[in-house]
Amino acid sequence: AEMRGRNFGRCAALCVARPQTVQFCKDVLTEILPLFPSKEIHIGGDEVFYEQWEPCPEMQALKQKLGKKDWAEVQIAFGNEIIEFLAAKGRTAILWNNIYRQTADKRGINQFWRNMANARDFANGGYEVVLSPYTYYFRHPRKLEDAYRYDPLAIGAKPEAQQRIRGI
């Protein structure tokens, strides 16, 4: 399912223009869903380097077929297909927030690791969000008590949107 003939020295992007790639993703999810009985399942969706899609004729054709202006919109379209697939199985997809566009299917949950202002905007726009600010958890760990004191409501979401902040 990797891009043919390319070694980019990092994660290889899936060629989601190929039906067999999309079906492979769905088959893997179908196989692992019974192993994880939770309603939500994190499917990643980050670390897509669009320069890997750019030279691919199949991806170019998909972008044109979908009528998308850029690769981020193509990535969102694929994410939406997987969100729909999981929703049909009674599950909710969680995806990393690398795409800051509100064209994603609202049945998915966006997990934000950076830019909490965008998380606020997503919550205010009707999306469910999970907050995982990297300054607390990933690259710049603080004292454990700082993480415990983190207040996800401090991002400034409207009162009616605060219920869409699922946690940290």
DSSP-defined beta bridges in the chain - what % are antiparallel, rounded to 5:
5 percent
Highest-MSF residue in the chain out of ASP105, ASP46, ASP27 [GNM, Cα springs under 10 Å]:
ASP27
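Using a Förster distance of 35 angstrom, determine the FRET efficiency expected from the C-beta separation of GLN102 and LYS26, and round it to 0.05.
Working: r = 25 Å, r/R0 = 0.71.
E between GLN102 and LYS26, to the nearest 0.05, is 0.90.
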Given Cβ point charges of +1 (Lys, Arg) and -1 (Asp, Glu) and nothing else, what value in debye, to the nearest 20, does the dipole of the chain about its Cα centre take?
160 debye
Which of ASP151, ASP146 is most accessible, then next, and so on - probe 1.4 Å
ASP151, ASP146
Work from the charge dipole of the chain (Cβ charges, +1 for Lys and Arg, -1 for Asp and Glu, about the Cα centre) and give the residue of ASN80, GLY90, SER132 farthest towards its positive end.
SER132
Show me, for the range 39-55, the HN-Hα J-couplings you get by feeding each phi into the Karplus relation (A = 6.51, B = -1.76, C = 1.60, θ = phi - 60°), rounded to Hz, glycine and proline as x.
5, 9, 9, 7, 10, x, x, 10, 6, 9, 9, 4, 5, 7, 7, 3, x
Taking 0.36 nm per residue of sequence separation and subtracting the Cα-Cα distance, how much length would be gained by fully extending the chain between GLU160 and ALA12, in nm to one decimal?
49.3 nm
For the range 10-168, what relative contact order do you get, as a whole percent, if you take Cα pairs closer than 8 Å and at least 6 residues apart?
17 percent
Using amide H atoms built in the peptide plane, which far-off residues or other-chain residues are under 5 Å from ILE94 H to H?
ILE41, HIS42, ILE43, ILE109
Contour minus Cα-Cα span, ASP151 to ILE41, at 0.36 nm per residue, comes to 37.2 nm
Using the Kyte-Doolittle scale, which helices in the chain average at least -0.5 and also have C-alpha atoms spread 24 Å or more along the helix axis, with helices defined as whole DSSP H runs?
71-88
Can you pull the percent of the chain's accessible area that's carbon plus sulfur, 1.4 Å probe, other chains left in place?
52 percent
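The values are calculated or read from the model by the stated rules, or taken from the named source; none is laboratory data. Because the structure is predicted, anything quoted here is derived from the model rather than measured. Positions of Cβ are backbone-derived with ideal geometry, glycine not excepted, and every protein chain shown enters the neighbour counts. Accessible surface is based on the protein model in full, side chains and every heavy atom, while ligands, DNA and RNA are left aside. Shrake-Rupley method; radii C 1.70, N 1.55, O 1.52, S 1.80 Å.
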